[in-house]
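Enquirer: What follows is a structure written as structure tokens; I'll ask about it next.
The values are calculated or read from the model by the stated rules, or taken from the named source; none is laboratory data. Nothing here was measured: the structure is a model prediction, and the numbers come from that model. Because the Cβ atoms are built from the backbone with ideal geometry, glycine has one as well, and the counts that use them run over all protein chains shown.
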Amino acid sequence: MILLQRFFQICLFKAGPADVPASLWLLKLVCLAYFAVGTLVSHVDHPWQASLVASLADTFLLLVVCWAAVYLKGMRSRFIQTASAMAGTGAIMGLFGLPVFMLFRAVDSSGQLTSLVLLLVLILMFWSLFITAHIFRMALEIRPGMAAILTVAYTILSLFVVGLSMSGVA
């Protein structure tokens, strides 16, 4: 329960990846949660098989990007905490997003509720981007602008890889 609370604190910018235990067991657990939630969110719009492949590709990419970032910065000892923070907060944001995406699919596209749901989607999207930038900034000890650039690059790469995996190319 304390670990879940710690991930929520990161989502609220009150803690950083250094506040997550450097536990390989925890990393495996949060990666499994990230994968499972990603699969459920993706399944709102796609069949199970495509959702599983896309979520697996996204989880793998998260680990690769975290490893590459800390390796290139010379902070390899921070990999487990950084990846755990990314996967744990990603799973939480996915859980927040799941009902919003399900509601988006259920509402009439010309109704007033659509605007509210789209606003919620935008809020969740930007909040998630800010969390990722916060984790990169804290873990890599970089300036906010550089963390924002890294976050945008990671997000574009993630969208590209997930898109390729959904199309069956990757």
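Enquirer: Given the criteria closer than 15 Å to residue 85 by Cα, in contact with a helix residue (DSSP H, G or I) (Cβ under 6 Å, 6 or more places away or on another chain) and surrounded by fewer than 18 Cβ atoms within 10 Å (Cβ to Cβ), does residue 15 qualify?
Expert: Against the criterion (closer than 15 Å to residue 85 by Cα, in contact with a helix residue (DSSP H, G or I) (Cβ under 6 Å, 6 or more places away or on another chain) and surrounded by fewer than 18 Cβ atoms within 10 Å (Cβ to Cβ)), residue 15 does not qualify.
Enquirer: Which one of these does residue 96 not meet: (1) more than 19 Å from residue 162 (Cα to Cα); (2) more than 12 Å from the chain's Cα centre (by Cα)?
Expert: If we test residue 96 against (1) more than 19 Å from residue 162 (Cα to Cα); (2) more than 12 Å from the chain's Cα centre (by Cα), just (2) comes out false.
Enquirer: Still on this structure, I have one more. Cβ-Cβ below 6 Å, separation at least six or inter-chain, first residue in region 143-156 and in contact (Cβ under 8 Å) with a residue 60 or more places away in the chain, second part of a helix (DSSP H, G or I) and surrounded by 13 or more Cβ atoms within 10 Å (Cβ to Cβ): which pairs?
Expert: 150/136; 154/65
Enquirer: What's the number of the condition residue 65 fails, among (1) crowded, with 18+ Cβ neighbours inside 10 Å; (2) over 13 Å from the mean Cα position of the chain (by Cα)?
Expert: Result: residue 65 passes all but (2).
Enquirer: Something else about it: Among (1) surrounded by 14 or more Cβ atoms within 10 Å (Cβ to Cβ); (2) not in a helix (DSSP H, G or I), where does residue 110 come up short?
Expert: (1)
Enquirer: State all residues of region 115-129 that are touching a helix residue (DSSP H, G or I) at 6+ places or on another chain (Cβ under 8 Å) and either surrounded by fewer than 14 Cβ atoms within 10 Å (Cβ to Cβ) or free of Cβ contacts under 8 Å to residues at least 60 places away in the same chain (or both); if no residue qualifies, say none.
Expert: 117, 118, 120, 121, 124, 128, 129
Enquirer: Counting just the residues of region 24-42 that are crowded, with 17+ Cβ neighbours inside 10 Å and not hydrophobic (A, V, I, L, M, F, W, C), which one comes out modelled with the lowest pLDDT?
Expert: Filtering region 24-42 for residues that are crowded, with 17+ Cβ neighbours inside 10 Å and not hydrophobic (A, V, I, L, M, F, W, C), the one modelled with the lowest pLDDT comes out as 42.
Enquirer: If you go through region 12-64 one residue at a time, how many are in a loop (DSSP other than H, G, I, E, B) and polar (S, T, N, Q)?
Expert: 1
Enquirer: Can we say residue 133 is out of contact with any Leu (no Cβ under 7 Å at 6 or more places or on another chain), more than 16 Å from residue 64 (Cβ to Cβ) and without any contact (Cβ under 8 Å) to a residue 24 or more places away in the chain?
Expert: Answer is yes for this residue.
Enquirer: Here's another thing I want to ask about it. If residue 100 passes every condition in (1) among the hydrophobic types (A, V, I, L, M, F, W, C); (2) at pLDDT 95 or above; (3) over 18 Å from residue 137 (Cβ atoms) but one, which one does it miss?
Expert: Failed condition: (2).
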